[in-house]
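Worksheet: one structure, shown below.
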Amino acid sequence: MDAAPNRRRVLQATGVAGLASLAGCSQLRSQDDSPADGNETNDTGDSNDTEYSNKEPTIDPEDGIAAVVEPSEEGQAELASLQQELGTKIQDDEISQQEAQAQLQQRQLELTIEAVTDFESYAADADGLSVAGSIGEYGLLLLDGDDDPLVATLEDDAVSALLPGGRFAEVQSQQAQQGQQGQQDQQDQQENSS
């Protein structure tokens with residue numbers, strides 16, 4: 001048996017875990033398609049407070065590998081602590097459950113974008129690996145590179161999962177559909193209020 005895993009073997013091993021992780025991110029964002037603090041992001045990826053770190057792919061997603069990144073262990077511990085703190089505030093009637101959820105989602109978004117930015121720095125320093133696109137709020141990057149540097153991202157805990165590049169295109173398509181639906185809903189509300 002070959003000691004060095006090939007790309008197909010890595011994708012088979014990590015596919016289910018990565019999809020579950022990505023599905024969790026999609027569910028979080030689909031509950032509220034706008035950032036929790038109300039700041040909107042324009043087509044360039046800029047926002048008032050939170051930059052999503054979205055980059056259009058420079059390669060066909062089918063030719064790349066999708067990577068899922070998550071907040072660091074410290075970030076996850078911070079989220080757990082924040083969740084506990086917000087639970088106490090809800091019990092003490094200091095804030096509503098919706099306010100607590102919005103605060104938690106906003107911090108999770110910030111930490112996920114931070115993880116994307118950290119990985120982009122990691123990839124810039126790695127030989128044979130480049131980031132060809134990203135969807136920051138989902139913690140999803142499209143990678144282009146040789147097999148060894150891609151596998152090394154898993155060994156170095158730089159990413160939580162590697163998936164077929166087509167997954168990047170699927171999420172990008174879903175994101176575009178949600179944006180169109182949001183615009184339609186906004187237009188409907190404006191027409192109804194007139």
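Each residue in segment 36-71 was checked for being at pLDDT 50 or above, aliphatic (A, V, I, L, M), in a loop (DSSP other than H, G, I, E, B) and closer than 15 Å to I113 by Cα, and 1 pass.
The C-beta contact set for segment 55-66 (first residue touching a residue at least 24 places away in the same chain (Cβ under 8 Å), second residue surrounded by 12 or more Cβ atoms within 10 Å (Cβ to Cβ) and among the basic types (K, R), distance under 9 angstrom, 6+ apart or interchain) comprises P61/R167; I65/R7; A66/R167. For segment 63-116, taking the residues that are in contact with a Phe, Trp or Tyr (Cβ under 8 Å, 6 or more places away or on another chain) and not β-branched (V, I, T), the one that is surrounded by the most Cβ atoms within 10 Å (Cβ to Cβ) is identified as A67. Of the residues that make up segment 140-161, is at least one closer than 11 Å to A66 by Cβ and touching a Leu at 6+ places or on another chain (Cβ under 6 Å)? No, there is no match, as no residue in segment 140-161 is closer than 11 Å to A66 by Cβ and touching a Leu at 6+ places or on another chain (Cβ under 6 Å). Keeping to segment 110-131, report how many residues are without any contact (Cβ under 8 Å) to a residue 40 or more places away in the chain and within 16 Å of G64 (Cβ to Cβ). Total meeting the criteria: 5. Once segment 149-194 is narrowed to residues that are exposed (fewer than 12 other Cβ atoms within 10 Å of the Cβ) and acidic (D, E), the residue that is modelled with the highest pLDDT is E155.
The values are calculated or read from the model by the stated rules, or taken from the named source; none is laboratory data. Treat the numbers as computed from the prediction; the structure is a model and nothing was measured. FYI the Cβ positions are ideal-geometry reconstructions off the backbone, even for glycines, and counts take in every protein chain you see.
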